[in-house]
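Q: One structure is given below, represented as C-alpha cells, and several questions about it will come after.
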Amino acid sequence: MTDEDLIAQLTAICGAKYVLKNASDMAPHLTDWRGHYTGQAIAVVKPASTAEVAAIVKLANQERIAIVPQGGNTSLCGGATPDQSGNSIVLSMVRMDRIRHFDRPSQSITVEAGCILESIHQAAEKEGLIFPLNFGSRGTCRIGGNLSTNAGGLNVLRYGNTRALCLGLEVVTTTGDVMNLLSPLKKDNTGYDLKNLFIGAEGTLGVITAATMQLFPEPKALATAWAGVRDINAAIDLLQRAQAISGGNVIAFELMPKSIIDNVRRHYPDVAKPLENVPPFSALIEIASTADADAQPDEAGQFPLTQQMEQLLASAFDDGLVSDATIAANLNQRNGLWAIRELTPESEIKAGLAYKSDISIPLQHMQEFYLRAAKAADDIAPGVKIFGFGHLGDGNLHYILTIPEDGHPDFMSLYPQFDQMFAGLLKDYGGSIRAEHGIGQKKRDMLKAAKDPTALAVMAAVKNALDPNNIMNPGKIL
C-alpha cells in the first residue's frame with residue numbers, strides 16, 4: 001500500500017481534517033517536549049472514538065505500519081516520538097478527551113485517554129472530591145500518557161502512583177480488537193491482571209483509550225511547612241515523625257536542595273525565599289485531613305493540623321534535625337512555598353543544558369547515594385551543577401546535572417559516562433534507573449544493563465505475544 005492509499009483509508013476513518021500529512025502540520029507531534037528527539041511519520045491521525053482507534057490499529061497491523069500513541073506530548077524520554085524510519089503513524093489522542101461517567105457512590109470517574117489531567121481535577125472538585133495525581137504538567141499532560149508511564153507526582157506518598165489510582169481500562173489490542181476492562185470494582189480476581197500489564201507499558205502493547213480512575217474525599221484542612229534540615233538523613237527522620245504525629249496524613253514531602261532554590265529565584269526573582277538562611281537541604285511538608293473537626297479552630301484560634309505541624313517542628317528542632325522552619329499561615333503563603341517546587345522544572349530548563357535522571361533509592365541509602373553521585377558527577381564534569389530534588393517519601397529523586405557555569409565544549413558527550421555512573425551506584429544500593437518518567441528511547445540501553453536478564457526475557461516474550469508484528473511504539477523500552 002502506498003502512503004497515498006494509506007492516507008486515503010485513514011481519511012475515510014477519521015475525516016480529512018483529522019489526518020495531518022503536511023510537514024508543518026505534523027511538526028509539533030514529531031519532536032518531544034524538551035526537543036531532544038525528532039522523528040518522521042507518514043501522518044498524524046486524531047481519532048474521536050474507540051471505534052476509530054480500533055480501525056486505525058487494525059489497518060496499521062495489516063500493513064505492518066508502526067503506531068506511536070501520543071497524548072499531551074510531554075514525555076521526558078522520547079516515549080511519544082516516532083523514529084527516523086518514516087514508517088509510522090502518530091496516533092494523537094487529543095480529541096478523545098471526554099468524561100464518560102461519574103460514579104459518586106464508588107467515588108470513581110471514567111474518562112477517555114486524551115482527557116487532560118487538570119480537567120479530571122476540575123470535574124472531581126465540582127463534586128467535593130479530588131483526583132490526587134498531580135505534577136507541573138497537569139494542564140497539558142493527558143491521562144493516557146500518565147497511565148502509559150505509571151506517573152507518580154507530588155502525592156504518591158499518600159495516594160500512590162497512577163497504577164494505584166486506576167480501577168479499570170479500555171484497551172485496543174494490536175489486532176484492532178477492543179478489550180473492555182472498565183469497572184469501578186476494587187475486587188475482581190478473575191484471572192490474570194491484564195489492566196496492570198498495559199499500565200507502564202508506554203504504548204508498546206496496545207492503545208489505552210479510556211480508564212476508570214479512583215477519586216478521594218477533598219481535604220477539609222491543610223498544614224504546609226518549609227523546614228531547613230541538617231542533612232538528608234535528618235529529612236528522612238522528619239518524614240517518619242510527620243507520619244507518626246499526623247496519623248499517616250502526610251500527602252507530600254519534597255526534598256529541596258539549596259541549589260534548586262537559588263536557581264528558581266535566579267530565574268524567577270519575584271519568588272520569596274522560604275527561610276532567611278537557606279541550608280543545603282530543606283523539606284517541603286504538607287499534612288491534610290478530610291475530617292470536619294480538623295477544619296475547626298480551638299478556643300485559642302489554633303487549628304489541629306497546625307498544632308501537629310508545630311509539635312513536629314519543635315521536637316525536630318530540639319533534636320537538631322531542623323535549623324529553621326516556617327508554617328504557612330494562609331493560602332497565599334502556602335502557594336508561595338509551593339511555587340518554588342512548581343517552578344523547579346522550568347528553572348532547570350533556563351539553567352541550560354542538563355542531564356536528567358529519574359531514579360528510586362531505598363531511603364536508608366539516600367544520603368550516601370546523593371553525596372557519592374555528586375562527587376562522581378563532578379569528577380566527570382568539574383563544576384557541574386547538582387539539582388537533586390524529589391519525592392523523598394517514596395524514594396524518588398530527580399537528580400539533574402546541569403552544564404557548569406563556565407560551559408563545556410560538548411556536555412552531551414558526557415551523558416554516557418553519567419549513565420554508567422548512575423547505573424553502577426544504583427546497582428550498589430538496590431535502586432532503580434527509572435521511577436516515574438518511563439524508559440522511552442532515552443533509557444532503553446540503560447535498562448538492558450540494569451534489569452534482571454530473566455525479567456527482560458519475560459518482557460520480550462510478552463511483547464512478542466501481544467504484538468508479534470512489532471507495530472506498537474517500536475524502539476521504546478525494549
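Q: Helix-only mean residue ellipticity at 222 nm, the chain, DSSP H runs n ≥ 4 weighted -39,500 (n - 2.57), per residue, nearest 500. What is it? Can you show the working numbers first?
A: On the way: 17 runs with 174 residues, N = 478.
Only helices count here, giving -11000 deg cm²/dmol.
Q: So for region 146-229, Kirkwood radius off the Cα pairs, Stokes-Einstein at 37 °C and 0.692 mPa s: how many µm² s⁻¹?
A: Details: Rh = 14.6 Å.
After rounding, the answer is 225 µm²/s.
Q: Of K46/K356; K58/K476; K186/K476, which ones are farther than 25 Å apart at the Cα? Before the final figure, lay out each step's value.
A: Working: K46/K356 31 Å; K58/K476 21 Å; K186/K476 31 Å.
From the list (K46/K356; K58/K476; K186/K476), the Cα-Cα distance tops 25 Å for K46/K356; K186/K476.
Q: May I pose another question? When the chain is fully extended, how far beyond the present Cα-Cα distance does Q9 get from L478, taking 0.36 nm per residue of separation? Intermediate results must be reported in sequence, preceding the final value.
A: Details: separation 469, 0.36 × 469 = 168.84 nm, distance 3.03 nm.
Result: 165.8 nm gained on full extension.
Q: Which aspartates and glutamates, if any, have their Cα less than 17 Å from the Cα of K443, not counting same-chain residues under 8 positions apart?
A: Answer for K443, where 17 Å is the Cα cut-off: D32, D83, E202, D358, D419, D452, listed by chain and number.
Q: Defining a contact as two alpha carbons under 8 Å apart and six or more residues distant in sequence, what relative contact order in percent does region 98-204 show?
A: Working: 132 pairs, mean separation 22.3, N = 107.
This gives 21 percent for region 98-204.
Q: Related question: Given points 7 Å out from each Cα along the Cα-Cβ axis, report the I380 to F216 separation in nanometres with one decimal.
A: Spacing of the two 7 Å Cα→Cβ label points: 3.5 nm.
Q: Can you pull out the trypsin sites (Lys or Arg not before Pro) in region 25-126 that DSSP calls coil and that have at most 13 other Cβ atoms within 10 Å?
A: Numbers: sites: R34, K58, R64, R95, R98, R100, K126; in loops: R34, R64, R95, R98, K126.
Those satisfying the criteria are R64, K126.
Q: What percent do you get for the relative contact order of the chain when only Cα pairs under 8 Å and 6+ apart count? Please list the in-between numbers first.
A: Numbers: 953 pairs, mean separation 73.5, N = 478.
Reported as a whole number, the value is 15 percent.
Q: Assuming 0.36 nm per residue, please report the length gained on full extension of the stretch L331 to A465 beyond their Cα-Cα distance.
A: That works out to 43.0 nm of additional length.
Q: Quick check: residue separation of Q240 and T31 times 0.36 nm, minus the Cα distance between them. What number comes out in nm? Don't jump to the answer; show the numbers that get you there.
A: Details: separation 209, 0.36 × 209 = 75.24 nm, distance 4.20 nm.
So the chain would gain 71.0 nm between Q240 and T31.
Q: Give the residue list of GluC sites (Glu not before Pro) in region 123-176 that are DSSP loop and have at most 14 other beta-carbon atoms within 10 angstrom. Let's see the in-between values first.
A: Numbers: sites: E125, E127, E170; in loops: E127.
Taking region 123-176 and a limit of 14 other Cβ atoms within 10 Å, the loop GluC sites (Glu not before Pro) found are E127.
Q: Out of the GluC sites (Glu not before Pro) in region 361-447, which ones are loop residues according to DSSP with at most 14 other C-beta atoms within 10 Å?
A: Details: sites: E368, E405, E436; in loops: E405, E436.
Answer by residue number: E405.
Q: Counting DSSP beta bridges in region 3-95, what percent are antiparallel, to the nearest 5?
A: On the way: 3 of 11 bridges.
Around 25 percent of the beta bridges assigned by DSSP in region 3-95 are antiparallel ones.
No value in this document is a laboratory result; all are computed from the given coordinates. Every value quoted in this text rests on a predicted model; they were computed, and no experiment measured them. In this analysis, Cβ positions are derived from the backbone assuming ideal geometry, glycine residues included, and neighbour counts consider all displayed protein chains.
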